[in-house]
Amino acid sequence: MPVATLTSKGQVTIPVEIRQRLGLVAGTKLDFAVGEADAFVVTPRRARLEDLFGIVPNRGRRLTTRQIDVAIGDAAAARDRDRNLDRDLDSDLDSDLDSDLAGGADLGGDLAGGAGQSPGAAS
């Protein structure tokens with residue numbers, strides 16, 4: 001059984017095997033309860049949904065379920081438009097590149113034959 005020592009400041013270091021088993025990390029809140037025969041029970045405090053109510057300020061505006069649904073739909077539609085625009089731009093760029101290559105455009109420049117020369121030109 002793990003053992004811990006109470007410091008002069010009333011602090012106890014919880015043994016590592018207990019911390020790991022309970023999933024305790026720095027900053028975890030603990031509840032203490034006194035049990036039978038002077039035993040006590042330490043329980044990690046888990047956030048409950050009720051505890052989260054009101055943590056986000058409403059800025060004086062309340063939305064109906066319908067308004068929330070519309071906002072979600074608008075955001076999803078905007079996301080889809082952006083994805084479609086990106087896809088269309090990629091497709092247009094691919095088509096332009098294919099056209100340039102099919103038309104014999106010199107895309108190599110300096111890499112292919114030196115500055116200002118097309119591939120195969122005499123030096």
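Annotations
- Sparsely packed loop sites in region 1-84 (the chymotrypsin sites (Phe, Trp or Tyr not before Pro) outside DSSP H, G, I, E and B with at most 16 other Cβ atoms within 10 Å) comprise 53.
- Looking at region 7-66, the trypsin sites (Lys or Arg not before Pro) that sit in a DSSP loop and have at most 14 other Cβ atoms within 10 Å of their own Cβ are 9, 29, 45, 46, 48, 59, 61, 62.
- The residues of region 1-86 have, on average, 95 Å² of accessible surface per residue, using a 1.4 Å probe with all protein chains present.
The values are calculated or read from the model by the stated rules, or taken from the named source; none is laboratory data. Model, not experiment: these values are computed from the prediction. Cβ coordinates were reconstructed from backbone atoms using ideal geometry, including for glycine residues, and neighbour counts include every protein chain displayed. Heads up: the accessible areas ignore ligands, DNA and RNA and are worked out on the full protein's heavy atoms, side chains in. Shrake-Rupley method; radii C 1.70, N 1.55, O 1.52, S 1.80 Å.
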